[in-house]
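To start, the structure itself, in structure tokens.
The values are calculated or read from the model by the stated rules, or taken from the named source; none is laboratory data. All figures in this text were calculated on a predicted structure; none of them were measured in a lab. All Cβ positions, even for glycine, are placed from backbone atoms using ideal geometry, and neighbour counts span all protein chains on display. The protein model used for the area step is the full one, side chains on, heavy atoms only, and it has no ligands, DNA or RNA in it. Shrake-Rupley method; radii C 1.70, N 1.55, O 1.52, S 1.80 Å.
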Amino acid sequence: MGTVKVSVIGCGYLGAVHAATLASMGHTVVGVDVDPGKVDQLARGAAPFHEPGLDELLRDGRSTGRLTFSTDAASAKDAQVHFLCVGTPQDKTSDAADLTFLVSAIEALLPHLAAGAVVVGKSTVPVGTVEMLRGVLARRPDVLLGWNPEFLRQGTAVKDSLVPDRLVYGVDGGRGAAFHPRSGAPLGVTAALDAVYEPLLRAGIPRMVCNFATAELIKSAANAYLATKVSFINAVAGLCDASGADVAELAEAMGMDPRIGGRYLHAGLGFGGGCLPKDIRSFRTQAVHAGVTALDDWMRLVDSVNLGQRERTVALAADLSGGSVAGRSITVLGASFKPDTDDIRDSPALDVADRLAAAGAHVTVTDPKAINNAWRRYPRLRFEASTERALEGAELVLLLTEWDEYRRLCPAAAGARVRRRVVLDARNVLDAAAWQATGWSVRGLGTGDAAAHTPVHAPAPLTS
């Protein structure tokens, strides 16, 4: 296998994982980031965030000498392929993507690009971004530009990089311009990316070559579809509660249809994080600019249903507390936006917890990994690293992030610590029968007629 010299510009969730996995494939990789603290930690072989399996890859890359990190863009000057992995957050004044960091990264890299170098974007961007970056690169006609969208999921990012579902190359002119017309050999950006991903291609990972606009839209379109599935089943969950149906059984039956499938068809509190919410809002903005009003309307409804699940959860907590959460001791299990990460960006769990605190509840939040990230951002909340201590004296327990350790909680042991055995399982992951057998009242989202889930021992009204 040939070794390629690679730079990865931006070493957040995407860049750090990408750099480490490329080094594990045998390439020589330098990761570049403007944050000295992050660079120092990565250089020591430790990720500045929780991602299963990443520390091991970082340590391996460090020990072999194939992986280094720097704050100096000049350290990338010998690289043949440069991957742009900087963040594209939601703009502070609109729903559009903020491309400031992307432009700054390519401008910093520009003086250090060798002739014939290939610059490849991986960040999720709105359609038309490549054309804009071409303007930035105009004074370097000897540099090639491509787009290689990422499809990583936090919590499984290492696996998603080492065994991806597919590889997508966006190239100038699309597939028709990517191969030699007679021999069929890959040209330019396609050839460079084939060299980088050679181990994956040999393993049979599908590769798709397309034009720039298609490559720019793929990640946003995929995320919009996944968000649609989540919001759809959450909207159906409301109907299930009103009619006495069970949304988990309904979704299981729907998922058996191969045209639908069961993935992302799980009702609950909804999605959050630093990608899905901002990507569907950026997708909406792109639709508006293109005059595609149907897509704008669709994404607005998906977003609205998702945020509505948080309001619904707060209302159910009040209902389970006798009509008001004011003065109640409530324990929230989970702070990260999803399990197996310490990322709290747009966390539904913390949003609900903060709303309960604003309504007068005494809220204690616990999480296996995200406490340190959360406590400064949410001063109204009390944080407790120990699940056992967090449960002490609780009048209501809310499961808001479906970590495995919460799925495996012993209901009898948990019941011995709380004041009232009432749990709102907003992720629909607990074995309700097992919990009910030990005296717990269990309420889910969309698990049937609300009247059938009234607490066994309704909380007494507060007295002054």
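Computed in the context of the full set of protein chains, the accessible area of the chain at 1.4 Å probe radius has 55% of its extent on carbon or sulfur. Assuming charge only on the beta carbon of Lys and Arg (+1) and of Asp and Glu (-1), the dipole of the chain about its Cα centre is about 340 debye to the nearest 20. Taking every protein chain into account, the accessible area of the chain amounts to 43 square angstrom per residue (probe 1.4 Å).
Loop-resident chymotrypsin sites (Phe, Trp or Tyr not before Pro) (DSSP state other than H, G, I, E or B) in segment 285-384 with no more than 16 further Cβ atoms inside 10 Å of their Cβ: 375. Subtracting the Cα-Cα distance of residue 413 and residue 180 from their residue separation scaled by 0.36 nm leaves 77.2 nm. Net charge around residue 39, counting only other residues with Cβ within less than 14 Å of its Cβ (Lys, Arg = +1; Asp, Glu = -1)? Neighbour charge sum, excluding residue 39 itself: -1. This model, with +1 at the C-beta of Lys and Arg and -1 at the C-beta of Asp and Glu, gives segment 120-203 a dipole about its Cα centre of some 40 debye. Considering only Cα-Cα distances, which of the following residue pairs are longer than 19 Å: 5/77; 122/338; 92/122; 278/369; 5/159; 219/278? From 5/77; 122/338; 92/122; 278/369; 5/159; 219/278, over 19 Å: 122/338; 92/122; 278/369; 5/159. In the chain, the longest principal axis of the Cα atoms and the axis of helix 100-109 are about 30 degrees apart.
Other residues whose C-beta falls under 13 angstrom from the C-beta of residue 160 contribute a net charge of +1, scoring Lys and Arg +1 and Asp and Glu -1.
Shown here for segment 376-416: trypsin sites (Lys or Arg not before Pro) in loop regions (DSSP other than H, G, I, E, B) with at most 10 other Cβ atoms within 10 Å, namely 376, 408. Contact order for the chain, expressed relative to its length and based on alpha carbon pairs under 8 Å spaced 6+ residues apart, stands at 12 percent. Report the net charge of residues surrounding residue 83, where surrounding means a beta-carbon distance below 13 angstrom and charges are Lys +1, Arg +1, Asp -1, Glu -1. It works out to a net charge of 0.
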